[in-house]
Amino acid sequence: MDLNKKKILITGGAGFIGANLVLEIQEKYPEAEIFVIDNFSSGHFQNLSGFKGDVIANNVLNVDLDKFFPKLDIIFHQAAITDTIISRDEEQKVIYENIESFRNLLNYALSHNTHLVYASSSGVYGNSAPPMKVGEGEYPVNAYAFSKLIQDNIAREYFDLFEKKNLKLVGLRYFVVYGPKEYYKVTEKKGSLIWKLYSQMKKGKSPIVFGDGKQKRDFIYVKDVVRANLLSLNSKVNELFNIGTGKAISVNETVDTLNKFLGTNLKPEYQENPFKDSYQYYTEADITTTKKYLNWEPKYNLEQGIKDYLKP
Ligand SMILES: NC(=O)c1ccc[n+]([C@@H]2O[C@H](COP(=O)([O-])OP(=O)(O)OC[C@H]3O[C@@H](n4cnc5c(N)ncnc54)[C@H](O)[C@@H]3O)[C@@H](O)[C@H]2O)c1
């Protein structure tokens, strides 16, 4: 779809993935009119350096969408509280805000003839057997992932309603995303594993690895994720799609790959996993339907993504 001259809202546009999407659309479609809603809870204004559009610095839940946007052509919904490691007391807020902001946007989109593409997560599969398939093994192990699954359940009720109006409604279950602009997420809790391992190894330190390092992840480069969002506007069906490479890589192998890239020979420092209860041990996407209906497949494997992203 040509996004020039389209009115586009990107929620969570100051965050890692949202900001990559904002700036890619701005570059590729200079005549697109882009709006960002972000409450800057985990995003950062520096991620939007070079952005020429408008920003509403507020919680999606508190924005009167009708007032601000009499018309929008497309919404890319990336905003969410993305903490997977939270206390029991924080769970209600995560679940409430993530689900209700989605519901508001969904109702706006349906009543204003707006396409809606939104971020879901591989977290919905919890520790089900890989490779993970949409519709199977959807048993999240933390409140964040639960909120994503409920979003998807709601979306399933709306796919046909959007279809009848010739509108796209597509949910993308990202696996473990890494790439530029995750820098501002980086705290003890956040930032991709790739970034965390790299930051330690770049300083010549042994990377800290939980457990025995045999746990596996399907790492997906942010440029592939951005492309999946754009392709969703041409999706053959309204559906949920896995966005991963289809190949799981262990944390030990990831350290090897980074060692090769950096020219180092650092051994992991193994530590007991403090997050055992809410942890996913093996994620791997089945991307058969993503290829078929979204016409998407990843362009970057881990080595290629790391080379594009990091400095040796
Ligand atoms: N990064 C990953 O590996 C990954 C994996 C699976 C799914 N996702 C999903 O992708 C989306 C983007 O994730 P990210 O990695 O860029 O995270 P991020 O934390 O960098 O970005 C989320 C952004 O949303 C904003 N935000 C949060 N709640 C909001 C609200 N109620 N109203 C307005 N703004 C709000 C934050 O300030 C932040 O800028 C999220 O929905 C996340 O659940 C990410």
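Here Gln92 clears all of (1) open to solvent by 40 Å² or more (accessible area, probe 1.4 Å); (2) assigned to a loop (DSSP other than H, G, I, E, B); (3) closer than 25 Å to Phe175 by Cα except the condition numbered (2). The stretch 1-85 holds strands (runs of 3 or more DSSP E) entirely within its bounds, and those carrying 1 or more residues that are in contact (Cβ under 8 Å) with a residue 12 or more places away in the chain and polar (S, T, N, Q) map to 7-11. Among the residues of the stretch 1-22, those that are modelled with pLDDT of 95 or more, among the aliphatic types (A, V, I, L, M) and away from the ligand (no atom under 13 Å from the Cβ) comprise Leu3, Ile8.
Looking at the stretch 100-111, is at least one residue within 11 Å of the ligand (Cβ to nearest atom) and open to solvent by 50 Å² or more (accessible area, probe 1.4 Å)? Within the stretch 100-111 (the criterion being within 11 Å of the ligand (Cβ to nearest atom) and open to solvent by 50 Å² or more (accessible area, probe 1.4 Å)), the answer is yes, since at least one residue qualifies. Only one of the listed residues (Leu61, Leu21) is crowded, with 17+ Cβ neighbours inside 10 Å and either among the aromatic types (Phe, Trp, Tyr) or under 26 Å from Phe162 (Cα atoms) (or both). That residue is Leu21. Condition first: modelled with pLDDT under 95, open to solvent by 10 Å² or more (accessible area, probe 1.4 Å), under 19 Å from Lys307 (Cα atoms) and of a type in the set (Lys, Arg). Can you find one or more residues in the stretch 189-201 that meet it? Yes, the stretch 189-201 contains at least one residue that is modelled with pLDDT under 95, open to solvent by 10 Å² or more (accessible area, probe 1.4 Å), under 19 Å from Lys307 (Cα atoms) and of a type in the set (Lys, Arg).
Here no strands (runs of 3 or more DSSP E) wholly within the stretch 207-290 include at least 1 residues being more than 24 Å from Asn153 (Cβ to Cβ), open to solvent by 10 Å² or more (accessible area, probe 1.4 Å) and in contact with a helix residue (DSSP H, G or I) (Cβ under 6 Å, 6 or more places away or on another chain).
The values are calculated or read from the model by the stated rules, or taken from the named source; none is laboratory data. Worth saying up front: this structure is predicted, and the values here are computed from it rather than measured. Every residue, glycine as well, gets a Cβ built from its backbone with ideal geometry; the counts of neighbours run over all protein chains shown. Note: accessible area is taken over every heavy atom of the protein model, side chains too, but ligands, DNA and RNA are not part of it. Shrake-Rupley method; radii C 1.70, N 1.55, O 1.52, S 1.80 Å.
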